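S.K.: Before we start, here is the structure in question, set down as structure tokens.
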Amino acid sequence: MWRVKTQDDHSAFARLVEHWENPIRNLCTRMSGDPHRGEDLKQETFSRVFEKRNDYQPSGRFSTWLWRIALNVCYDEIRKVNRRREFVPQGESNETSSLLDDQPTDDPVPDERMIEQEESELVRNAVLQLPEMYRTVLVLRHYEDLPFAKIAEILEIPPGTVSSRMAEALAKLARILEPELREQRTSRPGKANNPKEILVI
């Protein structure tokens, strides 16, 4: 990144993109709820990285700086979507409700795969209903597998605040999911568990 900043080194920038594009795409997809938008937001993130190359300070970690830029891109998108929703008539279908379905696998038990996909969809939709600050810590911790200390560094808040937001995020997620999970427990005993157990989907 130092070569990108000081020499406009495009080959160095290409290597950065190659190394980081998958985790950034994953983050953007989880935050936006749409794999197609996730790809667009990934591209926007790296465009901003190059545009802001003169702002980069080598005294800090590049990864922290990159995560912050990606999150800001995601926040901009979330706010834009929320503004659009204010003008969507009641009853319109949710564009992101089924965009994150997993691709079919060679699982020999289609009924179990269908159940897992249903649970996965429940969790993903529930995550999208969380406010930004809770969605962020949940995605960074459970999907990007970042430690609390790294999340605190990225968000520039104390680790204790990250921990409390994580607990609040899980509590809110549980309240959103509980009615659906209760219905699944009734129709399929033993399949739908508590939100923390299916959060890894």
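Here, each number is a calculation from the coordinates, and none is a lab measurement. Being a predicted model, the structure only gives us computed values, none of them experimental. Note that we place each Cβ from the backbone using ideal geometry, even for glycine, and neighbour counts take in every protein chain shown.
S.K.: Considering only residues that are acidic (Asp, Glu) and either within 9 Å of the chain's Cα centre (by Cα) or part of a helix (DSSP H, G or I) (or both), which ones fall in the range 17-53?
M.R.: Glu18, Glu21, Glu39, Asp40, Glu44, Glu51
S.K.: Scan the range 37-65 and report the pairs whose first residue is in contact (Cβ under 8 Å) with a residue 40 or more places away in the chain and whose second residue is among the acidic types (Asp, Glu), with Cβ atoms within less than 8 Å and a gap of 6+ or a chain change.
M.R.: The qualifying pairs are Arg37/Glu77; Arg53/Asp8; Arg61/Glu153; Thr64/Glu153.
S.K.: Could you tell me whether Ser59 is part of a helix (DSSP H, G or I), hydroxyl-bearing (Ser, Thr, Tyr), surrounded by fewer than 20 Cβ atoms within 10 Å (Cβ to Cβ) and out of contact with any Ser or Thr (no Cβ under 6 Å at 6 or more places or on another chain)?
M.R.: Numbers: part of a helix (DSSP H, G or I): no; hydroxyl-bearing (Ser, Thr, Tyr): yes; surrounded by fewer than 20 Cβ atoms within 10 Å (Cβ to Cβ): yes; out of contact with any Ser or Thr (no Cβ under 6 Å at 6 or more places or on another chain): yes.
It is false that Ser59 is part of a helix (DSSP H, G or I), hydroxyl-bearing (Ser, Thr, Tyr), surrounded by fewer than 20 Cβ atoms within 10 Å (Cβ to Cβ) and out of contact with any Ser or Thr (no Cβ under 6 Å at 6 or more places or on another chain).
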